[in-house]
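Notes follow the structure.
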Amino acid sequence: VKSNGKKDFGLYEPKMSEKIYKNFMMVSDFNRALRENEFVLHYQPRYHTGTNKIQCVEALIRWDHPESGPISPLDFIPLAEETGFIIPLGKWVMKEACRQNKAWQDQGLPPVRVAVNCSSKQLQQDDFITMIREVIGQTGLSPEWLEIEITESGLMRSEHTNIVKLRELRSMGIHISIDDFGTGYSSLNYLMQFDVHALKIDRRFVQQIPNAVIANTIISLCRSLGLNVIAEGVETIEQYEYLRRYGCDEVQGFLFGKPLPAKMFEMLLLESGAL
Ligand code: C2E
Ligand code: CA
Ligand code: CA
Ligand code: CA
């Protein structure tokens, strides 16, 4: 997707902006990339503040592009959503994350939940639940070891049927959390219909600590609703101690560990999963 590719597509270039051009190149690459196994998942631990143990691990996708090198999900997920590629890609992520977690369990590593990011486009598919049942059946991962993270803005865009879908996932034993909580400006009343297990405080509110009006509000909201609360993007000891003191259940961020390739995360788990 970098400059060397331009020669072959020189014809299009004068008519397209750099961004449209890049997108065009990327979309034509998507299916090949999936076929050629260029997508990989990295794993970032979420630690329980009570036990100091790894409670959960978030799967985060990367694209190992043969010419451009690693591409951040921020640079291709939005395009994958626009083009519908997120459907096969999201299924691949779900399957790979569940397969990997089952493999870790079969190796006798301390069991952890795996959290998979799902786009609202995926949730809106009629066969979303069927897809998940299929993956669980194929990989043999027990549903209680799977968590689905859906962004607040994703839920805002969704229809009533999605409330029903999330309830069904929950009844299967799958955990549900609302990602990037506090960024979507949706009404609390609306969000509470979704009946989730946990809210994830967005990184920008963690960064405001110790001036953390919003983080405090989310934590006390979770406490009064009996929900778990997770903080993402924890980078300093000050932030961590503040969050723990205020009753945040789980923490995740560069302070504890960056997203790691599966093999490296495995070693972390092997070291007993303790902080
Ligand atoms: P997210 O779900 O909010 O994930 C957290 C992002 O923050 C990750 O970026 C992670 O690497 C980064 N992060 C973690 N700890 C820290 C920290 O302490 N400081 C800072 N500055 N950043 C931290 P990443 O991996 O680049 O992913 C970006 C976004 O792409 C994710 O945001 C998520 O919305 C999306 N994404 C990633 N993987 C998937 C996927 O498999 N499916 C879908 N639909 N979206 C995905
Ligand atoms: Ca997430
Ligand atoms: Ca997040
Ligand atoms: Ca975020």
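Along the Cα→Cβ direction, 7 angstrom out, place labels at GLN125 and HIS197. What is the inter-label distance in nm?
2.2 nm
Multiplying the sequence separation of GLU235 and GLU36 by 0.36 nm and subtracting their Cα-Cα distance, what value in nm do you get?
In short, 68.1 nm is gained.
Got a number for carbon plus sulfur as a percent of the chain's accessible area, 1.4 Å probe? Working shown, then result.
Details: 7060 of 13470 Å².
That fraction is 52 percent.
How about segment 195-275: which GluC sites (Glu not before Pro) there are in a DSSP loop, with at most 15 other Cβ atoms within 10 Å of their Cβ?
GLU235, GLU271
Which one, LEU60, HIS48, PRO70, is farthest towards the positive end of the dipole of segment 38-79 when Lys and Arg carry +1 and Asp and Glu -1 on their Cβ?
Of the listed residues, the answer is HIS48.
Which distance in Å, rounded to a whole number, links the C-alpha centroids of segment 204-252 and segment 34-73?
Cα centres, segment 204-252 to segment 34-73: 23 Å.
Using modelled backbone amide H atoms (1.01 Å from N, in-plane), which distant-in-sequence or interchain residues come within less than 5 Å of GLN55's amide H?
The answer is ARG46, TYR47, HIS48.
Under a Cβ-Cβ cut-off of 13 Å, what is the net charge of the residues other than ASP106 that fall near it, where Lys and Arg count +1 and Asp and Glu count -1?
That works out to +1.
Please give the charge dipole size of the chain, origin at the Cα centre, charges +1 on K and R Cβ atoms and -1 on D and E Cβ atoms. Round to the nearest 20 debye.
Result for the chain is approximately 60 debye, rounded to the nearest 20.
Would segment 144-268 count as rounded, prolate or oblate if I go by the C-alpha gyration tensor, calling it rounded below 1.5 in a/c and otherwise prolate when a/b exceeds b/c, oblate otherwise?
oblate
Counting other Cβ atoms within 10 Å of each Cβ, which chymotrypsin sites (Phe, Trp or Tyr not before Pro) in segment 143-198 have at most 12 and sit in a DSSP loop?
Listed in order of number, the matching sites are TYR185.
Per residue, how much accessible area does segment 133-205 show when a 1.4 Å probe rolls over the protein heavy atoms, in square angstrom?
44 Å²
The values are calculated or read from the model by the stated rules, or taken from the named source; none is laboratory data. From a predicted model like this one, the values you see are computed outputs, not experimental measurements. All Cβ positions, glycine included, derive from the backbone under ideal geometry; neighbour counts span all protein chains shown. Accessible surface areas use protein heavy atoms only, side chains included; no ligands, DNA or RNA. Shrake-Rupley method; radii C 1.70, N 1.55, O 1.52, S 1.80 Å.
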